[in-house]
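Below is one structure, written out as structure tokens; comments come after it.
The values are calculated or read from the model by the stated rules, or taken from the named source; none is laboratory data. Computed from a prediction, not measured in an experiment: that's the story for all the values here. Glycine gets a Cβ as well: all are built from the backbone with ideal geometry, and neighbour counts include every protein chain shown.
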Amino acid sequence: MKNKKENDNIIRLNPEYRARINRVLDYIEQNIDREFTLDELAQVSFFSKYHFHRIFSSIMNETLFDFIQRTRVEKAAYLLLSDRDKPVTSITYDCGFSSPSLFSRTFKKYFSMSPSEWRREKSNRSQENSNSDQSISNNGKAKIFSPVYVEYSENTNRWRFSMNTQQQTVEVKDLPEMTLAYVRHIGPYKGDAALFEKLFGKLCGWAGPRNLIGKEAKFVVVYHDNPDITEDNRLRISVSLVVPPSTEVSGETGKMTIPSGKYAVA
């Protein structure tokens, strides 16, 4: 048992391993509406099937199957509230479930209620709590169809200011497709200014020598999960910089594409 824990810690501390697994997380997130095979995801990670499965579990503290299933059902939980006119059947297939019955069973396993009950109960609660100064999770997110929330700024000073502001103005904006170089954190982050400074420092430490930070630099903080749905220790955030699509990344720094669309922006 001790050797396994030591091996897991060694794997988690390897920045190249984390970057490869992050690449898989991005791939799953972008293709959540369909089935995946172990061969396919292992190829994305550039690991063998055996090593990929073991390394994924060590870094994520859950199996590949558990992560995919949880991501599907949590996205569905979000969509049930953010797009209340969308039929449950459509959400079923959009989140990669093969049938409504499988979706209903899986959803009830996670949330102890059916998808329809979730939509009705949570929608009523949100409506009771809503007002003109409502928080991001009850206001901005409920009005858009992307499960990703971003903080977007033109320079580092404004970015740092926004991280220290308790009441932020949130708008729903149309953003163009963006290629982002990022440093990711998985786990609690709320109120942890030191964490954001550390992530931002890592990103700038990588981007600066590559002349990617100029006066027009655009920084983006991507929140991949809804904290009202996902457990704190599984929340994912990516502190990012908009870069040219041809940018090559290395080490812990990853690269992803955010599609154009409506986003909650602070």
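When the residues of segment 222-256 are filtered to those that are in contact with a His (Cβ under 9 Å, 6 or more places away or on another chain) and polar (S, T, N, Q), the one that is farthest from K75 (Cα to Cα) is S238.
The single residue among R20, R34 that is out of contact with any Phe, Trp or Tyr (no Cβ under 7 Å at 6 or more places or on another chain) and either outside any helix (DSSP H, G or I) or basic (K, R) (or both) turns out to be R34. Take segment 177-191 and flag every residue that is among the basic types (K, R) and in a strand (DSSP E or B). R184, the sole residue that qualifies. Within the set E62, E16, E35, the sole residue that is modelled with pLDDT of 95 or more, in contact with a Gly (Cβ under 9 Å, 6 or more places away or on another chain) and surrounded by fewer than 19 Cβ atoms within 10 Å (Cβ to Cβ) turns out to be E35.
Given the criteria at pLDDT below 95, surrounded by 19 or more Cβ atoms within 10 Å (Cβ to Cβ) and in a helix (DSSP H, G or I), does Y78 qualify? Walk me through how you get there before you give the answer.
Details: at pLDDT below 95: yes; surrounded by 19 or more Cβ atoms within 10 Å (Cβ to Cβ): yes; in a helix (DSSP H, G or I): yes.
In short, yes.
Scanning segment 160-176 for residues that are part of a loop (DSSP other than H, G, I, E, B) and modelled with pLDDT under 85, which turns out nearest to A264 (Cα to Cα)? For segment 160-176, the residue satisfying everything is V170.
If you go through segment 179-195 and pick out every residue that is of a type in the set (A, V, I, L, M, F, W, C) and either within 18 Å of G251 (Cα to Cα) or outside the structural domain of P245 (by TED's automatic domain parsing) (or both), you end up with 4.
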